Structure formats: C-alpha cells, structure tokens
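Inspection log for the structure reproduced underneath, given as structure tokens.
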C-alpha cells in the first residue's frame, strides 16, 4: 500500500467520524431546543389558565368539601330528625332480599374523603416543593 492510498482512507475515515459527531451534537441541540419550546408552551398555557379565574371555582370546591367533612356532621348531630336511608342485603346467595332502613346520622361518601386527601396533598404537599 502506498502512502497516498493510506492517506485517502485515513482522511475518509476521520471525515466520517467528524461528520457523525457533528450530526449527533446537532441532534442533541435540536432536542434541547424542542424541550425549551415545549416548556415555554406549557408556561404560556399555565399563565392563560391562571388568568381565567378558575381559582375561585377551586376554592369553592375546597370550601364545600371541608363543610361536608367538618361542619355538616356537627349540624346533623344536633338534629336527630335528619337520617340517611341505606339498603341492607338480607339472606344469602340467590335468596338475597334488599331492605331499606333509615338510620340517624350523615353519610359521607368515599369520594368526598378522597377529595379531602387530594386537597391536603395539593395545599400542603406543594409547600414542601418550594423550599
């Protein structure tokens, strides 16, 4: 092999390697630009949502859930005429019979309790992220 052929092969290999490195770097730059643009779009959307006034709706939901869990049980406790009618299954297997009974008290559905968990997590959990 003469020196011209070795030089030609070495130059083509080094050119390929540098071109490949340039393409990979450009792909990373493009990906970073895409992430920055996506974050800017998310920030703009968040700003627009904050300006719509949905905070009063969220505050109303929080007040309603807290009323249902904290205040309403005390109101019902002092008024014995308030009751909840619930179905009670009697019997077994195919001989089930459903009877309805009225019991004194207040029925708090699981979804209300889960909403309270979400509210606590949102208001108190987000405060730990801002440290």
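With springs connecting C-alpha atoms under 10 Å apart, model the chain as a Gaussian network and identify which of 37, 89, 101 has the largest mean-square fluctuation.
Sorting by GNM fluctuation, first place goes to 89.
Expressed as a rounded percentage, what relative contact order does the chain have, with Cα pairs under 8 Å and six or more residues apart? Before the final figure, lay out the partial values.
Values: 59 pairs, mean separation 22.4, N = 131.
After rounding, I find 17 percent.
With everything on Cα atoms, drop me the angle between helix 3-51 and the longest principal axis of the chain, reported from 0 to 90° to the nearest 10.
Here the helix axis deviates by roughly 30 degrees.
How high is the FRET efficiency between residue 48 and residue 124 when r is their beta carbon distance and R₀ equals 25 Å, given to the nearest 0.05?
Working: r = 27 Å, r/R0 = 1.07.
Step by step, r from the Cβ atoms, then E = 0.40.
Starting from the Cα of residue 4, step 7 Å along the direction of its Cβ; do the same at residue 64; then give the gap between the two resulting points in nm.
8.7
Taking volume of the Cα convex hull per residue in Å³ straight from the coordinates, which label in [x] 285; [y] 109; [z] 533 is the correct one?
[x]
Does anyone have the angle between helix 54-66 and the longest principal axis of the chain? Alpha-carbon axes, 0 to 90°, nearest 10?
Between the helix axis and the principal axis of the chain, the angle is about 40 degrees.
What value, in deg cm²/dmol to 500, does the helix sum -39500 (n - 2.57) over DSSP H runs of n ≥ 4 give at 222 nm once divided by the residues of the chain?
Working: 4 runs with 88 residues, N = 131.
Value at 222 nm, helices only: -23500 deg cm²/dmol.
What nm distance separates the two modelled labels at residue 114 and residue 18, each placed 7 Å from Cα along Cα→Cβ?
Inter-label distance under the simple model: 6.2 nm.
Per the Kirkwood treatment, what hydrodynamic radius in Å, one decimal, follows for the range 1-52 from the mean inverse distance over all distinct Cα pairs? Walk me through the numbers before you get to the answer.
Details: mean 1/r = 0.0688 Å⁻¹.
Averaging 1/r across every pair of different Cα atoms and inverting gives 14.5 Å.
With a/c under 1.5 counting as rounded, go ahead and sort the range 56-131 into rounded, prolate or oblate using the C-alpha gyration tensor (a ≥ b ≥ c being the square roots of the eigenvalues; past the cut-off, prolate if a/b is larger than b/c, else oblate).
Working: a/c = 3.97, a/b = 1.91, b/c = 2.08.
It comes out oblate by the Cα gyration axes.
Since every read-out is calculated from the coordinates, none of them should be taken as a lab result. As the structure is a prediction and not an experimental result, all values here were calculated from the model. Using ideal geometry, Cβ is built from the backbone for each residue, glycine included, and neighbour counts are taken over all protein chains shown.
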